[in-house]
Structures are given as structure tokens and as C-alpha cells.
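**Student:** Here's a structure for you.
The values are calculated or read from the model by the stated rules, or taken from the named source; none is laboratory data. Remember, it's a predicted structure, so these values are computed and weren't measured experimentally. Cβ placement follows ideal geometry from the backbone for every residue including glycine, while neighbour counts extend to all protein chains displayed.
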Amino acid sequence: MKIINRVILVTAALICFVIITYSGESIEEMLPRIQDKPIEVLHEEEFDQGTIVFYQHVGLKNEDLSFAYFRKRLVGGYKLLTSGTQSVSSGLSHHGVSFTDMAEMNGEFPPICFGLIGNEEISDVKVIEKRRNIEQATEIIKTNDKRFWICELENFQGTEWTLIGLDEVGEEILKIETNI
């Protein structure tokens, strides 16, 4: 009888947990609550800890690149951890590439840096950790008429990094020294 009572108690506790934590919402269902204007999702990048979504507002000049970072809940749906917008107009007009970073947030997601590529001559981007002179892996993402880059800085040490833009033959055509 005690075993049956324990099983019933544990089952009831699990059902309560599922009801309380389950939202069942997908990322696409949550994005409109972040922004009140129509958006175009450019890319979703999955990490061990969650998913980051890059998007822009539909119908605007697209001088901003917005992002939202979601963590998958234990039981269905997602939780918004953080979101923000990067102004890309000055970086694109001055350097031909924009760049920003997101620091790690209590182990919720890895630190990353990212930006748009506006200079047609740039075919690859490198991110170099300045302290140890180690290149971090970058990914170039092409969507419709946009190109942007993303770099996970999980093993990054220090706060200084160098962004290098390369042309199609691997020649350096851009170098930006920056700080997280």
C-alpha cells in the first residue's frame, strides 16, 4: 500500500511539473511577442544550450540586425533568455562588415560574436583571440540577399579580439581590433 501511495504521489508531482512548465510554444510563436512589427527570420543557429535567432524588421531600411536567444524547456516549448538589436549601418558603411558580441550569461549560452557582411569582396571572416593568437571558427551564413557571420567564443580567453575579412583568394582586405 505504501508503494502504491508513493507511486501516486510521484505521478501527481510529475503531472503538476509538466503542467506548470509546459508552454508548447515554438520559437516562431514566441517571436511576435518580442517585436510588435513584422519580422523576417534570417537564420536560426542551434547550440547545446539553446537556439539564437537572427531577424530583421520587414519593410524597414534594415539598418538593424536583431537577435533572440531561446533555451529549450525540459518539457516542450522554449524560454526567451535575452534579445537585442545591433545597429549595423555605421559598421557596414565604414568597414563593410558589422560586428557585435554577446557575453556568456550564467552558463545559459556560450559567448558569441556576429555581424552582417556588406562588402561583396569579403568572402570569409576570421576571428582571432588576441591573448593567445588563436583563430576561432566562424560560419558564413547566406540568406536571400543577406550574408552574415557568427563565431562561438566558448574557449575564448581575455576580452580582445581581431576581426579579419578575407577576399576569395584568402588575402586580408579588412582588419578590425576590438574588445568584448
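**Student:** Scan the range 158-172 and give yes if some residue there is buried (at least 16 other Cβ atoms within 10 Å of the Cβ), in contact (Cβ under 8 Å) with a residue 24 or more places away in the chain, touching a Phe, Trp or Tyr at 6+ places or on another chain (Cβ under 6 Å) and not charged (D, E, K, R), otherwise no.
**Tutor:** Yes, some residue in the range 158-172 is buried (at least 16 other Cβ atoms within 10 Å of the Cβ), in contact (Cβ under 8 Å) with a residue 24 or more places away in the chain, touching a Phe, Trp or Tyr at 6+ places or on another chain (Cβ under 6 Å) and not charged (D, E, K, R).
**Student:** Turning to a different aspect of this structure: Out of curiosity, is residue 140 surrounded by 13 or more Cβ atoms within 10 Å (Cβ to Cβ), of a type in the set (Val, Ile, Thr), part of a strand (DSSP E or B) and out of contact with any Asp or Glu (no Cβ under 6 Å at 6 or more places or on another chain)?
**Tutor:** yes
For every residue, the table says whether it meets (1) assigned to a loop (DSSP other than H, G, I, E, B); (2) modelled with pLDDT of 75 or more; (3) surrounded by 14 or more Cβ atoms within 10 Å (Cβ to Cβ); (4) of a type in the set (Gly, Ala, Ser).
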| site | (1), (2), (3), (4) |
| --- | --- |
| 30 | no, yes, yes, no |
| 42 | no, yes, yes, no |
| 45 | no, yes, yes, no |
| 48 | yes, yes, no, no |
| 55 | no, yes, yes, no |
| 61 | yes, no, no, no |
| 69 | no, yes, yes, no |
| 74 | yes, yes, no, no |
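**Student:** Among the residues of the range 127-137, is there at least one that is outside any strand (DSSP E or B) and at pLDDT below 85?
**Tutor:** Within the range 127-137, one or more residues are outside any strand (DSSP E or B) and at pLDDT below 85.
**Student:** In the range 96-126, how many are in a strand (DSSP E or B), surrounded by fewer than 22 Cβ atoms within 10 Å (Cβ to Cβ) and modelled with pLDDT under 85?
**Tutor:** Qualifying residue count for the region: 3.
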